[in-house]
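Below is one structure, written out as structure tokens, with a few remarks after it.
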Amino acid sequence: MRGIFIDADAAMAELVERLRAPDDPVIDVHRAERPLPAELPALIGDHDFVIDDHTPLPFDALRACPALRHVIFLGTGARSYMDPDALARIGITVHTIKGYGDTAVAEHAFALMWAAARQLALMDRAIRAGAWRRAEGRQLTGKTLGLIGMGGIGREMARLGLGIGMRVLAWNRTPREVPGVVFLPLEQVLEESDVVSLHLLLTEETRGLLDAARLARLKRGAILVNTARGALIDEAALVAALREGRIGHAALDVFAEEPLPPGHPLRTLDNVTLSAHSGFLTPEANETLIRRALEIARRLAAGGADVAER
């Protein structure tokens with residue numbers, strides 16, 4: 001069995017070289033940023049599997065790769081970049097990797113939450129522009145943190161919130177119990193929380209989960225944090241709520257379209273803090289991610305079945 005890492009940056013390429021074992025399946029490392037769809041058939045060629053670090057993999061491009069049987073996606077959000085169900089119908093299994101960056105993403109969400117509460121981005125922009133603009137912040141101790149989704153990242157976020165004395169509420173699609181966390185219906189979490197943070201996978205059921213009606217249930221002035229997937233939120237409705245001041249601040253690491261297009265209204269609003277889909281991006285998380293990708297490749301080469309969530 002032979003694979004190709006189709007979009008390795010320098011750090012990821014170095015990790016593959018350092019972590020793979022002599023008896024691992026052959027993995028060719030293509031150092032490039034997001035090859036274009038038209039380039040994929042020639043690039044993939046006769047490889048049996050692909051390691052993909054967030055390059056879109058259209059169905060038609062992969063259908064032109066007859067040897068391909070597996071895609072190992074470096075993360076959980078494969079559906080933002082490909083259609084696993086359609087690929088399964090032509091014999092290509094998509095493997096995702098969960099849990100590798102739970103702490104990294106939760107810490108990033110926590111940092112965004114605090115930056116929003118203290119209006120750090122607003123003051124930073126003003127000082128860089130030559131102004132001296134003080135902004136009144138909000139204390140978070142004693143406030144209510146609402147978590148939408150309680151997988152590994154949500155549980156880490158709960159731990160951090162409880163650690164600074166926040167009341168933590170949560171909603172999850174399936175029943176969960178987490179010490180110190182009160183589980184409530186989604187609408188009630190939205191209505192009672194001073195900060196709402198999203199930690200859900202993007203599926204057809206969760207796409208657009210926070211539409212205009214649900215955004216309207218947020219407390220006036222609430223902070224909304226999203227480090228999960230941009231498409232969980234109706235962006236147009238979010239922009240409208242921010243402009244009207246119904247939502248106090250949005251702290252966002254993910255967007256419906258990435259990179260965020262020039263001229264996008266989220267770039268222009270003072271009550272928005274932005275980061276570039278980098279919540280998962282730490283050396284510790286990257287090493288765990290590559291280790292697990294190599295483990296999947298080994299098990300596939302040994303004849304193992306699907307070893308990760310499709």
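The values are calculated or read from the model by the stated rules, or taken from the named source; none is laboratory data. Nothing here was measured: the structure is a model prediction, and the numbers come from that model. Quick reminder, even Gly has a Cβ in these numbers, built from the backbone with ideal geometry, and neighbours come from all protein chains shown.
A few points about this structure:
- Residue pairs meeting the criteria (Cβ under 6 Å; at least 6 apart or on separate chains; first more than 15 Å from LEU68 (Cβ to Cβ) and of a type outside the set (Val, Ile, Thr), in region 22-41; second part of a loop (DSSP other than H, G, I, E, B) and at pLDDT 95 or above): ARG31/ALA8; ALA32/ASP7; ARG34/ASP7; ARG34/THR55
Condition check ((1) closer than 28 Å to GLY142 by Cα; (2) among the acidic types (Asp, Glu)) across all residues:
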position	(1), (2)
LEU201	no, no
GLU205	no, yes
ILE223	yes, no
HIS264	no, no
HIS277	no, no
GLU287	no, yes
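- TRP132 meets all of the listed conditions (1) loosely packed, with under 14 Cβ neighbours inside 10 Å; (2) of a type outside the set (Lys, Arg); (3) under 21 Å from LEU215 (Cα atoms) but one, namely (3).
- Within region 144-235, strands (runs of 3 or more DSSP E) holding 3 or more residues that are in the same structural domain as ALA106 (by TED's automatic domain parsing) and within 17 Å of ALA251 (Cα to Cα): 144-148, 195-198, 222-226
- ALA297 satisfies every condition listed in (1) within 21 Å of PRO56 (Cβ to Cβ); (2) outside the structural domain of MET166 (by TED's automatic domain parsing) except (1).
- Filter result (crowded, with 20+ Cβ neighbours inside 10 Å and assigned to a loop (DSSP other than H, G, I, E, B)) within region 97-121: ILE97, TYR100, GLY101, GLN119
- Here MET150 qualifies as within 30 Å of PHE73 (Cβ to Cβ) and modelled with pLDDT of 95 or more.
- Which listed residue, of ASP53, ASP23, is surrounded by 16 or more Cβ atoms within 10 Å (Cβ to Cβ), of a type in the set (Asp, Glu) and at pLDDT below 95: ASP53
- Given (1) surrounded by 15 or more Cβ atoms within 10 Å (Cβ to Cβ); (2) within 16 Å of the chain's Cα centre (by Cα), index of the condition GLU257 fails: (1)
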